[in-house]
Amino acid sequence: MTLLRYSPFHRLPRHLVPVGVLALCLLLTYCVCVLLGLSARARDEARFENLVQSTSDRIQRRLDTYIALLQGTEGLFATQQEVTPQEFSAYVRLFDLQAQYPGIQGLGFTRRFSREERPQVEHRARTTLGLPGFHAWPEVPGDELHSITLLEPRDMRNLAAMGYNMYSEPIRQEAMARARDTGDPALTGKVTLKQEIREDKQAGFLLYLPVYRGGHVPATLEERRELLEGFVYCPFRADDLLNGIFGAERHPRVAFQLYDGLEVDEARLMHRSHPEALAYEPMFTTTTTLLVAGRPWTLTFSSLPAFDATATRPMVLLPFTGLGVLVSLGFFLMMLAQVRARGDAERSADGLRVALAERARVEEQLREADRRKDDFLAMLAHELRNPLAPVLTAVQLMESKQRAGLGTEREREVVERQVHHMRRLVDDLLDVSRVTRGKIQLRTHPMDLVASVGRAVEAARPFAESREHTLRVELPDGPVWTEADPVRVVQIFTNLLHNAAKYSEPGGRITLTLVREGGEAVVRVADTGTGIPAEALPHLFEPFMQVARTLDRAQGGLGLGLTLVRQLVEMHGGRVEAASEGVGKGSVFTVRLPLLPEERVPVVPVVAPAGQEVSTRGRRVLVVDDNVDAAELLGEVLQMDGHRVTVVHDGVAALEHLGAEAPDVVFLDIGLPGMDGYEVARRIRERSGGAGPRLVAVTGYGQASDRQRSREAGFDAHLVKPVELEQVRELVADAGAGGSGASTLN
């Protein structure tokens, strides 16, 4: 999908895009619902307005019909000199007013006469018109009278109005004057008809049409006033009229109120179509005006429940609203899924990039490790061949000198020196391996760091002086106490001093300082040597790392000294740092070790007991080793010390010799053919019931597990090849002093 790419939300934070889409969809749904609601209401309003217009038109048409009726009646009076009551009654019966013109109270004629003509008009009505009690009423000032002389049908209501001078009442008078002056029909305002002789009175009104002498409307106002004979008129009861128009409706849908004039005033109310609708809250209302025979009427309309029930309700929009909300939620969930999928894809891509970068880094590390391995193997071969070459040359030279009867002291020193060098190489390899695998164990106790640093300086001084360096040492006056392994501490600083001397040109300066800084003892070894490039500093303490290695290998070594220094320092809870300003500017190595708390500082320094001189003459020694040269040489050395030595080369021969003679000391190689040294030792202990001679393991295996296995097999001491002759002599001497009880397994 590409919705996110081309959507208007691409500038939003990605996690807000689904929310934005949801908000937009909901807003769109709301707008559409509002438009639909407005459209539906507009349709309903149009229907309501049509009903209002229809109602107004029906009222207007009905009144127009009555006006036409009056105009026909006016023609009757215009065409005849005198209309008798019988003729008028017959004329009115022709129209069947009650059936054809519902709501009309009657059809009548009011004659105009002066006050002087009043007696004559009253007499004629009593004698000719059949109205015995006729008289003009009420008595009001004024010369012009307009009394009702004809009014059909002659029912009780209409008879009550006979003789009434309509010109005596202002509302009627205003309509009559307007009709007289215009010659047009004129409608009165709201009045109470004189026919209202019962309790159920209604609002009423009258419709007048003037009758002029000559049968036509005079041209001028003065002529119309002069020639006016009277008025034909219709009295109406408003409720009867409008109920007659709308009463037949079975399901009326609008209610209306009719007010006289232009004001909606309860005092002007003429008709209320549905009084019960007052308690109903309609959906639609409106107001309109009708002009009937020169008189304005105000109509107020309101919708009835029958109409409102067919109107569009908000509930009708609920399905669409629900659909819109569902669609909005669908878009929201779709966008949310897309955003999450894109986020997951980007995270996967990031993870893949990280994995590829990590893989590239690991591959580079593997290539670097492989290169270092190859360099190390080449370097190891070089370092091992270097001492072997002078050893081989010295041996050949010693053979030549012996035939010539010359001394071989110098050659012996060369061999011894090169063998010690090879031993240091192997020891460094073993130490690094032990520390890396956690196999080395520190023998820590409170010790004076000043004394250990002094021993390291003395050990390194010959090498420094051989390269013509100046070695300067700055130590505090008093002791500096720390918890450490003295042997390893000497090893740390001897390596640093050797390193400084190795990488300094002849005639350089080496400075060692020891100070207290806070809760730490700080030893700095500074030199004026070749320095360290900045890019090499982070890798300086890694195994096999040597700066600027060249083919001549002038410095020698395996590149393990600094690795061993760091590991031993960290095992003591300290840290080591290297600093250099660059190539040719020397370097500074700083070792920080925690000081011993004041409460743990010894009051009296611990002094090792002096060695006890023990005679080493006359011991019986058995040497067991499958390496014939090593066994014969060790036996020769012990024989020169005055011991009786037997040399055998396998375990079976060793056990046979023990059966013939009981030696004081047995030097037993572990890696014997057939029966190994462990099995030989166990059998020796079984024969002697746990006692017997001192058993010394002589092997190339020097791990802690190897020493533990030797102890379990019954060995009293464990020597790692190549052995120091002084250790051999001490073990022989101890065997004479304490037998097998003195153990030097460590």
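What follows is calculated from the coordinates using simple rules that are stated; it is not laboratory data. Everything numeric in this text was worked out from a predicted model, so none of it was measured. A quick note on method: Cβ atoms are made from the backbone with ideal geometry, for glycine too, and the neighbour counts reach across all protein chains shown.
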Exercise for review: At most 14 other Cβ atoms within 10 Å and a DSSP loop assignment: could you name the GluC sites (Glu not before Pro) in the stretch 245-323 that fit?
Suggested key: E249, E263
**Study point:** Efficiency of FRET between E222 and Y280 - r from beta-carbon atoms, R0 60 angstrom, step 0.05
**Key:** 0.65
**Study point:** Average Cα contact separation per residue, the stretch 442-600, under 8 Å, 6 or more apart, as relative contact order %
**Key:** 25
Revision key, fill the gap. With the label point 7 Å along the Cα-to-beta-carbon line of R600 and a cut-off under 12 Å to each amide N, the hits in the stretch 481-506 are 481-485
Review point. With each pseudo-label sitting 7 Å past Cα toward Cβ, what's the L24-A306 distance in nm, one decimal?
Key: 5.0
Point to revise | Virtual spin-label span in nm between Q98 and A177, 7 Å along Cα→Cβ | key: 3.8
Exercise for review: Give the residue from Y233, A534, L471 lying farthest towards the positive end of the charge dipole for the chain; charges sit on Cβ (+1 for Lys and Arg, -1 for Asp and Glu) and the dipole is referred to the Cα centre.
Suggested key: Y233
Point to revise | Cα-projected label distance for Q441 with R124, points at 7 Å along beta-carbon direction, nm | key: 15.9
**Study point:** Fraction in percent of alpha-carbon pairs per bin - 10 Å, the stretch 620-741
**Key:** 14, 53, 32, 1
Exercise for review: Report the extension gain between A90 and L16 in nm, rounded to one decimal, defined as 0.36 nm multiplied by the number of residues separating them, less their alpha carbon distance.
Suggested key: 17.6 nm
Practice item. Would you mind estimating how fast the stretch 73-245 diffuses translationally, via Stokes-Einstein at 25 °C and 0.890 mPa s with the Kirkwood radius over Cα pairs, in µm²/s? Key: 150
Point to revise | Rg/Rh for the chain, where both radii come from Cα atoms and Rh is the Kirkwood radius | key: 1.71
Revision key, fill the gap. To the nearest 0.05, the calculated FRET efficiency linking V34 and D57 through their beta-carbon distance, R0 being 25 Å, is 0.15
Revision key, fill the gap. Once the dipole of the chain is set up from charges on Cβ (+1 Lys and Arg, -1 Asp and Glu), the residue from the list G204, G700, A360 lying farthest towards its positive end is G204
Check your understanding: How much net charge surrounds L70 when only the other residues with a Cβ under 12 Å from the Cβ of L70 are counted, with Lys and Arg +1 and Asp and Glu -1?
Key -> -3
Practice item. Determine the gain in length on full extension of the stretch A341-D184; use 0.36 nm per residue of separation and subtract their C-alpha separation, reporting nm with one decimal. Key: 47.9 nm
**Study point:** Average silhouette area of the stretch 206-248, convex hull of alpha-carbon atoms, in square nanometres
**Key:** 4.0
Check your understanding: Within the chain, what percent of beta bridges assigned by DSSP are antiparallel, to the nearest 5?
Key -> 75
Check your understanding: Tally Lys/Arg at +1 and Asp/Glu at -1 over every other residue whose Cβ is under 10 Å from the Cβ of R620; what's the total?
Key -> 0
Exercise for review: May I ask you to derive the FRET efficiency for T470 and R423 from their Cβ-Cβ distance with R0 = 41 Å, giving the value to the nearest 0.05?
Suggested key: 0.90
**Study point:** Computed log₁₀ I(q)/I(0) - Debye formula, equal Cα scatterers, no solvent, the stretch 442-600, q 0.10, 0.11, 0.12, 0.13 Å⁻¹
**Key:** -0.34, -0.41, -0.49, -0.58
**Study point:** Chain lengthening between V325 and A653 when straightened (0.36 nm per residue, less Cα-Cα)
**Key:** 108.2 nm
